[in-house]
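A quick write-up on the structure given underneath.
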Amino acid sequence: MASSPVRPVPRRPLYRRGPAGLALAFATALTMGLLGPATASADRAPFESDAETSDNVTHVTNVPKSEAMDAFNSDLAFTGDYAIGGNYNGFVVYDISEPEAPRVVSEVLCPGGQGDVSVSGDLLYFSVDYPRAGDECGAPSTSTTDPDGFEGVRVFDISDKANPQYVAAVRTDCGSHTNTLVPGKDGEHDYVYVSSYSPSSRFPNCRPPHDKISVIEIPVDNPAEAALVSDPVLFPEGGNRSTSGCHDITAYPEKDIAAGACMGDGIMMDISDPAHPVVTDVVRDENFAFWHSATFTNDADTVIFTDELGGGGGAICTGEYGPERGANALYSVDGSKDDPGLAFESYYKIPRPQSETENCVAHNGSLIPVPGRNYFVQSWYQGGVSVIDFNDPEDPREIGYFDRAPINEDRLVLGGSWSAYYYNGHVYSSDISRGLDVLKLTDPRMRVAERVTYDEFNPQSQAGYRPGRGHGR
């Protein structure tokens, strides 16, 4: 079984070794699955979509979950011709070089809950938010009252996509619900911002007040030395009454800024010193129950915040809740570079009412890279995937969608699209229960986006784009 990091048989790495070498553990026992393209095409019947779509969205294919990944699917990250899919049981590496026929290259069984993922070159950062008895992949779950329980971030070497290897584990207070990559300016370090919340006086590793995030520093040449470098308090005078940490942070490293969705507060941060982020503005909204995530426009003039009213498990897209709750809120970024501020513009919520048995609320999305224009693709759990035109931030509107029928017509069952992101010509949606969906946008307004390509894409670590090229590494 997978274990704590140990030194492996030597192999040729795709990043340089540091002076001390790398402490790695083979993950060969981590439920590796390989399926060649010929076998995939021979065994698969012609794909028939089970979803309703607008005329400008095509459901290209679906890759179902395996038995090993029978827990919730979560977030996605991308590198080259690969998508990395997080799962509460671990993660899956998909070869998406042919988006119409993705194949599973490997599956890493390493339970810990949440499974948020960020990728940096040959390294993968993986969030653990449910305490385990140890940091090894095979460790059983333990109580939140166990002072020796492990929660935090695991680091994997994914240079060999068919054989990921376990590099290091870094414990953080309250675990890691999400993680955000901020590359260091020296090119020699990565920083990972760890968001977590829900402290309790009963939890020895997660005590209130938890008005902070954790910052992990990773030497890219020697990731086995990854360590906690700071834990900045974002709300020294106390945040909103519901704020106890942050749910998610989106960084825009090129512009030295980040936006935080911190439960009861939306914030802007200066990250010019990535190890020590500084809050520059705080906003609140009486219609927001749970500030969940954020996305900047390419020019960083606007931020989209999302409200996860009901925590993702509620049927919030019915007429009962109205258009301003469980929605997006668009804010313009005003002020100066040294003193930015946020000003409210409008709300956006999908215009397609969902049933009482469908969990539906604003969730993860990304920009569609059309230079000079503002389009957004976003998941809404069982509300499906929405394509949004917000060129006028005071009047955002849906211009495309992908939407399945309820998982269960008679009772509320958790499921649907957790994350929907545009990457190199296609939209990839991580469905909690149904696997990986691939969508194609055929809208002529977004055709130019197909000419923007990325080598690497982490939606919570935004990279600017221009015609013909994204800036992601």
Would you say GLY416 is open to solvent by less than 20 Å² (accessible area, probe 1.4 Å) and at positive phi? yes
Any pair with Cβ under 7 angstrom, 6 or more apart, that starts in region 302-323 at a residue that is in contact (Cβ under 8 Å) with a residue 12 or more places away in the chain and in a loop (DSSP other than H, G, I, E, B) and ends at one that is hydrophobic (A, V, I, L, M, F, W, C) and surrounded by fewer than 24 Cβ atoms within 10 Å (Cβ to Cβ): GLU308/PHE290; GLY313/LEU414; ILE316/LEU309
Could you grab me the full set of residues in region 220-248 that are small (Gly, Ala, Ser) and modelled with pLDDT under 95? GLY238, GLY239, SER242, SER244, GLY245
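Okay, residues lined up against (1) modelled with pLDDT of 95 or more; (2) open to solvent by 10 Å² or more (accessible area, probe 1.4 Å); (3) over 17 Å from ALA261 (Cβ atoms):
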residue: THR295; (1), (2), (3): yes, yes, no
residue: ASP301; (1), (2), (3): yes, yes, yes
residue: THR306; (1), (2), (3): yes, no, no
residue: GLY313; (1), (2), (3): yes, yes, yes
residue: ILE316; (1), (2), (3): yes, no, no
residue: ARG325; (1), (2), (3): yes, yes, no
residue: GLY335; (1), (2), (3): no, yes, yes
residue: TYR347; (1), (2), (3): yes, yes, no
Please enumerate the residues belonging to region 258-272 that are open to solvent by less than 10 Å² (accessible area, probe 1.4 Å) and assigned to a strand (DSSP E or B). ALA258, ALA259, GLY260, ALA261, CYS262, ASP265, GLY266, ILE267, MET268, MET269
Taking the stated definitions as given, is ALA227 among the small types (Gly, Ala, Ser), more than 24 Å from TYR166 (Cβ to Cβ) and either in contact with a Lys or Arg (Cβ under 8 Å, 6 or more places away or on another chain) or touching a residue at least 24 places away in the same chain (Cβ under 8 Å) (or both)? no
Does THR145 qualify as being open to solvent by 30 Å² or more (accessible area, probe 1.4 Å) and not basic (Lys, Arg)? yes
Flag if GLY365 is of a type in the set (Gly, Ala, Ser), at pLDDT 95 or above and farther than 23 Å from THR302 by Cα: no
With respect to GLY152, determine if the residue is in a strand (DSSP E or B), on the phi < 0 side of the Ramachandran plot and open to solvent by less than 10 Å² (accessible area, probe 1.4 Å). no
Look through ALA162, ALA168 and report the one residue that is in contact (Cβ under 8 Å) with a residue 60 or more places away in the chain, surrounded by fewer than 23 Cβ atoms within 10 Å (Cβ to Cβ) and either part of a strand (DSSP E or B) or among the small types (Gly, Ala, Ser) (or both). ALA162
Hey, among the residues in region 217-257 that are in a strand (DSSP E or B) and charged (D, E, K, R), which one's nearest to GLU286 (Cα to Cα)? ASP248
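Yes/no matrix, rows are residues, columns are (1) assigned to a strand (DSSP E or B); (2) open to solvent by 10 Å² or more (accessible area, probe 1.4 Å):
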{"position": "PRO351", "(1), (2)": "no, yes"}
{"position": "GLU356", "(1), (2)": "no, yes"}
{"position": "SER366", "(1), (2)": "yes, no"}
{"position": "PRO371", "(1), (2)": "no, yes"}
{"position": "GLY383", "(1), (2)": "no, no"}
{"position": "VAL387", "(1), (2)": "yes, no"}
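The values are calculated or read from the model by the stated rules, or taken from the named source; none is laboratory data. Note that the coordinates shown come from a computational prediction; the quantities given were computed from them, not determined experimentally. Backbone-built Cβ (ideal geometry, glycine too); neighbour counts: all protein chains shown. Ligands, DNA and RNA are excluded from the accessible area calculation, which covers all protein heavy atoms including side chains. Shrake-Rupley method; radii C 1.70, N 1.55, O 1.52, S 1.80 Å.
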